[in-house]
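Q: Below is one structure. I have some questions about it.
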Amino acid sequence: MIIYFVNAANRETMDLYLKSWGASLRPMIKIATYDRLPALPTLPAGTYIFSDLERMNPIQRALATEVWNQLSAAGPNVRLLNHPAQALGRLELLHTLHDSGRNQFNVYPVSETHSPQRFPVFLRCATDHLGSLTKLLTTQEELDSAILAALLHGLRLDDLLIVEYCSAADADGVHHKFAAFCVAGQIIPRHLIFSRDWILKLPDLLDADKLAREREYFQTNPHEQTLREVFQAAHIDYGRCDYAVINGKIQIWEINTNPVVMLLPKQYQPDHLPVQKEFATRIRAAFEAINLPVDPGQQIPLRLDPAIITRLAQADACSSR
């Protein structure tokens, strides 16, 4: 059994997969939401994936860490992925990659500075996966105005990041984005998509040449070792890395610990379905490989610190006001 921990509001990422491409895995993968943990006296033996870590507040992370610690003491009948206390968030990861010389762009928390070392830049949140909040900002005046607008719209100061922009466009102005999954150290190419827009979520350019380049990416997995090193440095065992290759050098945009595994088949263009089917085969095999064949009736006692539960309840009450 595989238990997939996720915030209740974000469970659709795995729900969507299990309702479609991953339907055969529904007996194996069970979704459990973090908000239900305080009410559970036991948890079953099996494999646990702690997802959605970048969206956690400190109290939620403390609760998830306590659950991890208790499960880890249960012995060989439990396998754990994504340590909540060790996995790097977006800011920490990007700082690590820049400081090590792997990424050429830097990122700045707005709570610490409003003045990046170079322009253009854009604003984004540290704890979501919605991409840029702004157009490309080319001056300090534009940046200051964008920060003020974000705060007036209710975004938190401590959640805003200034990100230096580096273009992933070719000579024809076509941008690209690679993505790859990590499942317990196995690197699985997810997609190579192209767009005229610098913010890439779905491909809006799809022709024979681009499909051939994506198929080559699937077949050769050319960045496997580098990506494995990045995931290891981030202390993330399960997630999706989004990145580009600029001047021959990999540039990491982010790692999402609760990524959309796959959209519904009808949401892909017909020409894009063959590579989707190939990915579906590979990701299903990866999930099967991490599954522990244990007695599903074996239960592990769960005893959570009442102080953590009280603080979690207070944090939820404050966030709902």
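The values are calculated or read from the model by the stated rules, or taken from the named source; none is laboratory data. Note that the structure is predicted; figures quoted are calculated from it, not measured. As a convention, Cβ positions derive from the backbone with ideal geometry for all residues, glycine included, and neighbour counts pool all protein chains shown.
Q: Of (1) assigned by TED's automatic domain parsing to the domain that holds residue 244; (2) at negative phi; (3) surrounded by 13 or more Cβ atoms within 10 Å (Cβ to Cβ), residue 196 satisfies all except one. Which?
A: It fails just one condition, (3).
Q: Now, a different point. So which of 206, 192, 202 ends up being at pLDDT below 95 and touching a helix residue (DSSP H, G or I) at 6+ places or on another chain (Cβ under 8 Å)? Steps first, answer last, please.
A: Details: 192 fails: at pLDDT below 95; 202 fails: touching a helix residue (DSSP H, G or I) at 6+ places or on another chain (Cβ under 8 Å).
Testing whether each residue is at pLDDT below 95 and touching a helix residue (DSSP H, G or I) at 6+ places or on another chain (Cβ under 8 Å) leaves just 206.
Q: Then there is this: Here are some conditions: (1) part of a strand (DSSP E or B); (2) small (Gly, Ala, Ser); (3) touching a residue at least 60 places away in the same chain (Cβ under 8 Å). Residue 20 meets all but one. Which one does it not meet?
A: Result: residue 20 fails condition (1) only.
Q: Hey, another quick one. Taking residue 131 as the residue in question, decide whether it is surrounded by fewer than 13 Cβ atoms within 10 Å (Cβ to Cβ), out of contact with any helix residue (DSSP H, G or I) (no Cβ under 6 Å at 6 or more places or on another chain), at positive phi and not assigned by TED's automatic domain parsing to the domain that holds residue 222.
A: Taking the combined requirement at face value, the residue does not satisfy it.
Q: Residue 84 is checked against (1) in contact with a Lys or Arg (Cβ under 6 Å, 6 or more places away or on another chain); (2) without any contact (Cβ under 8 Å) to a residue 24 or more places away in the chain and fails just one. What number does that condition carry?
A: Only one criterion is unmet by residue 84, namely (2).
Q: Can you tell which of 233, 180, 184, 169 is surrounded by 20 or more Cβ atoms within 10 Å (Cβ to Cβ) and not β-branched (Val, Ile, Thr)? Spell out the reasoning first.
A: Working: 233 fails: surrounded by 20 or more Cβ atoms within 10 Å (Cβ to Cβ); 184 fails: surrounded by 20 or more Cβ atoms within 10 Å (Cβ to Cβ); 169 fails: surrounded by 20 or more Cβ atoms within 10 Å (Cβ to Cβ).
That would be 180, the only listed residue that is surrounded by 20 or more Cβ atoms within 10 Å (Cβ to Cβ) and not β-branched (Val, Ile, Thr).
Q: Right, next: Of the residues that make up region 279-292, is at least one outside the structural domain of residue 54 (by TED's automatic domain parsing), at pLDDT 95 or above, farther than 30 Å from residue 92 by Cβ and of a type in the set (Val, Ile, Thr)?
A: yes
Q: Separate question: Scan region 1-51 for residues that are polar (S, T, N, Q), farther than 19 Å from residue 183 by Cα and more than 22 Å from the chain's Cα centre (by Cα) and report the count. Give the steps one after another, and end with the answer.
A: Of region 1-51, the ones polar (S, T, N, Q) are 7, 10, 13, 20, 24, 33, 42, 47, 51.
Next cut, farther than 19 Å from residue 183 by Cα only: 7, 10, 20, 33, 42.
Subsequent filtering for residues that are more than 22 Å from the chain's Cα centre (by Cα) retains 42.
Qualifying residue count, region 1-51: 1.
Q: When you check residue 62 against the structure, is it of a type outside the set (Phe, Trp, Tyr), under 30 Å from residue 156 (Cα atoms) and not assigned by TED's automatic domain parsing to the domain that holds residue 262, yes or no?
A: Numbers: of a type outside the set (Phe, Trp, Tyr): yes; under 30 Å from residue 156 (Cα atoms): yes; not assigned by TED's automatic domain parsing to the domain that holds residue 262: yes.
It is true that residue 62 is of a type outside the set (Phe, Trp, Tyr), under 30 Å from residue 156 (Cα atoms) and not assigned by TED's automatic domain parsing to the domain that holds residue 262.
Q: Something else: In the list 215, 240, 228, which residue meets the criterion of being of a type in the set (D, E, K, R) and assigned to a strand (DSSP E or B)? I'd like the intermediate steps shown before the answer.
A: Values: 215 fails: assigned to a strand (DSSP E or B); 228 fails: assigned to a strand (DSSP E or B).
Matching residue, one of 215, 240, 228: 240.
Q: So, in region 245-282, of the ones that are in a helix (DSSP H, G or I) and of a type in the set (Val, Ile, Thr), which residue ends up surrounded by the fewest Cβ atoms within 10 Å (Cβ to Cβ)?
A: 281
Q: Report whether or not residue 221 is at pLDDT 95 or above, touching a strand residue (DSSP E or B) at 6+ places or on another chain (Cβ under 6 Å) and either over 27 Å from residue 63 (Cβ atoms) or hydroxyl-bearing (Ser, Thr, Tyr) (or both). I'd like the intermediate steps shown before the answer.
A: Working: at pLDDT 95 or above: yes; touching a strand residue (DSSP E or B) at 6+ places or on another chain (Cβ under 6 Å): yes; either over 27 Å from residue 63 (Cβ atoms) or hydroxyl-bearing (Ser, Thr, Tyr) (or both): yes.
Yes.
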